[in-house]
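Working notes for the structure below.
What follows is calculated from the coordinates using simple rules that are stated; it is not laboratory data. Remember, predicted model here, so these are calculated numbers, not experimental data. Here the Cβ positions follow ideal geometry from the backbone for every residue, glycine too, while neighbour counts run over all protein chains shown.
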Amino acid sequence: MPTPLTDSKNLPVLLYRLGQAMPGMVARNIKAAGLERKLKPGMGPILRVLEKADGRRITELAAELGLSHVAVIGMVRKMEAAGLVKPKDCVDDGRATRIWLTAAGRKMLPKLPEIHALNHAALTTALSAAETKQLTTLLGRVLAALPTQ
């Protein structure tokens, strides 16, 4: 007989609970890496995108991360307050803003793989490698099927 944690009818509740648990888990792993004074949950993915291509437009960051424009703006403001990024008006398009890493933001980059590994380990500790791959595939399909707005 299914339990509340295994009943497929509870999938929306389980995913909601996972979403609620993620920021706390990420915050603990950021603290374990000694970066809690500057880095907050949600900042790492933006830093990683900027590491690959600094000076991205907010709309580009949102598209690459699969986040809303508003969510990225909010996080960028927090990152600017922490001294990790510097927004600048786009010279090609006066309506757009480009986001640039600061020296403090670049200093965070080498620690991001450690935090990612801690997050990955916490999420997959109860799963085999095959189950992890399957879960990743299924969650990707679910996310791709959800409306973006």
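In Å, what is the Rg of the alpha-carbon atoms in the chain, and how long is Dmax?
Spelled out, the Cα radius of gyration and Dmax of the chain are 17.4, 61 Å.
Hey, fewest Cβ within 10 Å first, where do Met79, Met108 land in order? Please list the in-between numbers first.
Values: Met79 27, Met108 24.
Lowest to highest Cβ neighbour count: Met108, Met79.
Hey, what angle do you get for helix 112-124 against the long axis of the chain, alpha-carbon based, 0 to 90 degrees rounded to 10?
Once rounded, the angle reads 20 degrees.
Which aspartates and glutamates have a Cα lying under 16 Å from the Cα of Lys88, excluding residues fewer than 8 positions away in the same chain?
Counting by Cα, and skipping residues close in sequence, Lys88 has these aspartates and glutamates nearby: Asp54, Glu60, Glu80.
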